[in-house]
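Undergrad: So that we are looking at the same thing, I have put the structure below in structure tokens.
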Amino acid sequence: MGTFRVDATVANLAEPSLRVTVALLVDTGATWTTLPDDIAAHIGAAPLGTRRVRLADGRVEEWPAAAIYIILDGHEGPTFCLIGPRGGPSLLGAVTLEELGLAVDPAARRLVPATGYLMSLAV
């Protein structure tokens with residue numbers, strides 16, 4: 001699968017007027033969406049804690065995590081994002097895709113609506 005980018009608007013949960021449109025690299029191998037710290041600071045996304053992440057080179061680090069609001073292809077809602085180093089990549093991770101009900105069409109390099117599962121063994 002080739003990589004592709006999508007434009008999304010990310011905003012502060014408490015103050016939605018603090019927002020910016022960013023190009024996110026769609027990365028289904030990334031658990032969480034990631035924004036560089038300068039973009040997170042621009043929208044006033046304050047860290048709520050940290051998340052452990054394994055980087056591509058195998059190192060394990062703890063990165064700050066914040067709650068943000070995201071608008072993407074007509075889908076919107078709150079999501080967690082990691083705050084990465086200044087100048088680092090802006091990534092759209094798997095958790096946000098699932099939260100927004102989206103999946104990746106790798107052949108067409110686009111996002112498509114996903115069907116969620118809600119099943120119970122109890123009758």
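The values are calculated or read from the model by the stated rules, or taken from the named source; none is laboratory data. These numbers were taken from a predicted model, which means no experiment stands behind them. So basically every Cβ, Gly included, is an ideal-geometry build from the backbone, and we count neighbours across all protein chains shown.
Undergrad: State whether the residues of the range 17-36 include one that is more than 14 Å from the chain's Cα centre (by Cα) and among the acidic types (Asp, Glu).
TA: no
Undergrad: May I pose another question? Somewhere in the range 49-62, is a residue free of Cβ contacts under 8 Å to residues at least 40 places away in the same chain, part of a strand (DSSP E or B) and under 27 Å from residue 113 (Cα atoms)?
TA: Checked the range 49-62: no residue is free of Cβ contacts under 8 Å to residues at least 40 places away in the same chain, part of a strand (DSSP E or B) and under 27 Å from residue 113 (Cα atoms).
Undergrad: Then there's this: What are the residues in the range 67-123 that are under 12 Å from the mean Cα position of the chain (by Cα), over 17 Å from residue 31 (Cβ atoms) and not aliphatic (A, V, I, L, M), if any?
TA: If the condition is that a residue be under 12 Å from the mean Cα position of the chain (by Cα), over 17 Å from residue 31 (Cβ atoms) and not aliphatic (A, V, I, L, M), then 69, 76, 77 are the ones that fit.
Undergrad: Condition first: of a type in the set (Ser, Thr, Tyr) and at pLDDT below 95. Can you find one or more residues in the range 82-96 that meet it?
TA: no
Undergrad: Now, a different point. Name the one entry in 96, 28 that is assigned to a loop (DSSP other than H, G, I, E, B), closer than 22 Å to residue 112 by Cα and out of contact with any Phe, Trp or Tyr (no Cβ under 6 Å at 6 or more places or on another chain).
TA: None of the other options fit; the residue is 28.
Undergrad: Follow-up question, since we're still on this one. Which condition does residue 76 not pass, out of (1) closer than 16 Å to residue 6 by Cβ; (2) acidic (Asp, Glu); (3) crowded, with 17+ Cβ neighbours inside 10 Å, if it passes all the others?
TA: (3)
Undergrad: Which numbered condition trips up residue 8, out of (1) among the small types (Gly, Ala, Ser); (2) touching a residue at least 40 places away in the same chain (Cβ under 8 Å); (3) not in a strand (DSSP E or B)?
TA: With (1) among the small types (Gly, Ala, Ser); (2) touching a residue at least 40 places away in the same chain (Cβ under 8 Å); (3) not in a strand (DSSP E or B) applied to residue 8, the lone miss is (3).
Undergrad: Could you list, in sequence order, the residues of the range 65-93 that are charged (D, E, K, R) and either assigned to a strand (DSSP E or B) or more than 17 Å from residue 41 (Cβ to Cβ) (or both)?
TA: 73, 76
Undergrad: Continuing with this model, one more query. Looking at residue 59, is it farther than 24 Å from residue 3 by Cα, at pLDDT 95 or above, more than 15 Å from the chain's Cα centre (by Cα) and surrounded by fewer than 19 Cβ atoms within 10 Å (Cβ to Cβ)?
TA: Against the criterion (farther than 24 Å from residue 3 by Cα, at pLDDT 95 or above, more than 15 Å from the chain's Cα centre (by Cα) and surrounded by fewer than 19 Cβ atoms within 10 Å (Cβ to Cβ)), residue 59 does not qualify.
Undergrad: Can you give me the number of residues within the range 30-45 that are of a type in the set (Ser, Thr, Tyr) and over 16 Å from residue 5 (Cα atoms)?
TA: 1
Undergrad: Quick one: is residue 25 hydrophobic (A, V, I, L, M, F, W, C), exposed (fewer than 11 other Cβ atoms within 10 Å of the Cβ) and under 26 Å from residue 104 (Cβ atoms)?
TA: no
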